[in-house]
Ligand code: ZN
């Protein structure tokens, strides 16, 4: 059993009629509904919940955490970010979606600005450039998203461990749309598609990619403390 927690800022769906039309119950519920299966247990967490829904108990029981945020990154308290950061170092998987590239947690895990170029409403072709990677299992050579927000290079991230998907946009831009990182014992997957105004999370290839990502990011082991990860900083005397 993999315990997945889906964190969503959950503001656009409440503030905008158009977004609510696409995701009436919120992006988190849309993702949860296709992930839900016998071997995945889902917990939902949103910004308006106490401790953003990320209490110590929830964090300790999470194997893989999804993160969707956009307009309220700064409303997530630093204390929560630190707890999530430490949990990733101890082995929790982290899947950061779309505009989560500017979230406090993504920037703190990667240590760079994570900025990018963007433009509204373009057509995207997502190319699978690493077909042997477990996250690419069952994904065709490429697939199209008729409408998506354009994200373009340069993307201010450190060099990823693996680039699995490259996005090409009809306007001519390209983007590292699916990449992985390792921090401590934790595995991180960033996936670009997922703008709130378009039905991206109903696309069957997107769903397959995120299901694969859960299995890939689930910890093979979780540390009880950060002593191992931080050992180099505090040598025993
Ligand atoms: Zn967006």
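The values are calculated or read from the model by the stated rules, or taken from the named source; none is laboratory data. No experiment lies behind these values; they were computed from the predicted model shown. Counting neighbours? That spans all protein chains shown, and the Cβs are built from the backbone with ideal geometry, glycine included.
Odds and ends about this structure:
- Residue 149 being within 16 Å of the ligand (Cβ to nearest atom), outside any strand (DSSP E or B) and more than 26 Å from residue 3 (Cβ to Cβ): no
- Residue 225 vs. criteria at pLDDT 95 or above and either closer than 27 Å to residue 1 by Cα or surrounded by 15 or more Cβ atoms within 10 Å (Cβ to Cβ) (or both): no
- Scanning the range 43-62 for residues that are assigned to a loop (DSSP other than H, G, I, E, B) and surrounded by fewer than 20 Cβ atoms within 10 Å (Cβ to Cβ) returns 47, 48, 49, 55, 61.
- Test: residue 180 is more than 16 Å from the ligand (Cβ to nearest atom), assigned to a strand (DSSP E or B) and modelled with pLDDT of 95 or more: yes
- Leading residue by the ranking (nearest to the chain's Cα centre (by Cα)) among those in the range 152-177 that are surrounded by 13 or more Cβ atoms within 10 Å (Cβ to Cβ) and within 16 Å of the ligand (Cβ to nearest atom): 177
- Residue check for residue 18: part of a helix (DSSP H, G or I) and at pLDDT 95 or above: yes
- Taken together, the residues in the range 192-228 that are under 17 Å from residue 92 (Cα atoms) and within 16 Å of the ligand (Cβ to nearest atom) amount to 0.
- Verdict on residue 160 being at negative phi and in contact (Cβ under 8 Å) with a residue 40 or more places away in the chain: no
- Residue 138 satisfies every condition listed in (1) out of contact with any strand residue (DSSP E or B) (no Cβ under 8 Å at 6 or more places or on another chain); (2) more than 16 Å from residue 209 (Cβ to Cβ) except (2).
- Test: residue in the range 102-113 that is over 16 Å from residue 10 (Cβ atoms), touching a residue at least 40 places away in the same chain (Cβ under 8 Å), within 16 Å of the ligand (Cβ to nearest atom) and surrounded by 20 or more Cβ atoms within 10 Å (Cβ to Cβ): yes
- The single condition among (1) more than 22 Å from residue 156 (Cβ to Cβ); (2) without any contact (Cβ under 8 Å) to a residue 60 or more places away in the chain; (3) touching a strand residue (DSSP E or B) at 6+ places or on another chain (Cβ under 8 Å) that residue 119 does not satisfy is (1).
- Test: residue in the range 120-138 that is under 24 Å from residue 76 (Cα atoms) and either surrounded by 16 or more Cβ atoms within 10 Å (Cβ to Cβ) or away from the ligand (no atom under 14 Å from the Cβ) (or both): no
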